[in-house]
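A quick write-up on the structure given underneath.
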């Protein structure tokens, strides 16, 4: 039985720390001995750049390449396009070519499941696959939700754009009903927290009050820190760049919560299947 868990990290609002969360969660999982694949599902290629590949437009094989091969029903070796990043994670990169793929999918047969078909060929090699979604709800993001077991939503510790969150949860609900009935929301992780300020405390409490009864809000929150932004620019995780920082410790706690949640879900699923 394949135990790989596929997690889409998504929020259609930009600037919430989504890519940094994907990368640092991935490296955090690898530090815990997990086999991890990161998939950059954004034409901007921010995750690819965060992983240290600044000139992403020169990368020949990307997510767009392998999705095109799935569409064309071409042979696709599991290793094709995957980069072994120095911090112990694998990466399927992206660049601007993915923009045209988003448009092409509109007229493609079985268009919502192209990414799922690809991941089906590599899942057995990993314990976790993290999908860094673009800040929109287009066809690539729908593909990510269709391929995922769960969604993690990074939300900035600021007064909530409630309309945007409502639209995101509606899209997830539609995917659940029409394409992927097993998709669940793992939870919200509060990011970019300006610690020891009343604004941040009020905003975080608002998030927990608004969503805590329906969606898990992870206990760990991610502080706002220049070091985290700097680490992304130089292509390193926060662990490599400043392993003793508050941000690194916060991502460690968050990673442990994600692992524990996954273990609980596996036990629950195993009990259900044994009935």
Taking R0 as 41 Å, what FRET efficiency do you get between residue 220 and residue 55 from their Cβ-Cβ distance, rounded to the nearest 0.05? 0.75
So, with points 7 Å from each Cα along the Cβ direction, the residue 170-residue 197 label distance in nm works out to 3.1
In nm, what is the difference between 0.36 nm times the number of residues separating residue 32 and residue 206 and their Cα-Cα distance? 59.4 nm
At the level of C-alpha centres, the distance separating the range 44-90 and the range 124-187, in angstrom, is 21
Once both label points are put 7 Å beyond Cα along the C-beta direction, the residue 233-residue 104 separation in nm becomes 3.5
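Run through the DSSP bridge list for the chain and note the antiparallel percent, rounded to the nearest 5.
5
Using Cα-Cα distances under 8 Å and only pairs 6 or more residues apart, what relative contact order does the chain have, in percent?
25
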Max mean-square fluctuation residue, GNM over the chain, Cα-Cα springs under 10 Å, options 128, 211, 53: 211
Radius of gyration and Dmax over the Cα atoms of the range 81-181, both given in Å: 14.8, 41
Using a Gaussian network model of the chain whose springs link C-alpha atoms within less than 10 Å, name the residue from 89, 39, 70 with the highest mean-square fluctuation. 70
Report the full-extension gain for the segment residue 264 to residue 84: residue separation times 0.36 nm, less the Cα-Cα distance, to one decimal in nm. 61.9 nm
Taking Cα atoms of the range 189-234, Rg/Rh with Kirkwood Rh, to two decimals? 1.06
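Note the full-extension length gain between residue 271 and residue 74 as 0.36 nm times their separation in residues minus their Cα-Cα distance, in nm to one decimal.
Using 0.36 nm per residue and subtracting the Cα-Cα distance, I get 67.1 nm.
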Square roots of five times the Cα gyration tensor eigenvalues for the range 128-269, Å: 26, 19, 16
Given springs between every Cα pair under 10 Å in a Gaussian network model of the chain, which of 177, 123, 18 has the largest fluctuation? 177
Viscosity 0.890 mPa s, temperature 25 °C: what is the translational diffusion coefficient of the range 5-270 from Stokes-Einstein with a Kirkwood Rh over Cα pairs, rounded to a whole number of µm²/s? 133
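No value in this document is a laboratory result; all are computed from the given coordinates. Only a predicted model underlies this, so the values are computations on that prediction, with no experimental measurement involved. As a convention, Cβ positions derive from the backbone with ideal geometry for all residues, glycine included, and neighbour counts pool all protein chains shown.
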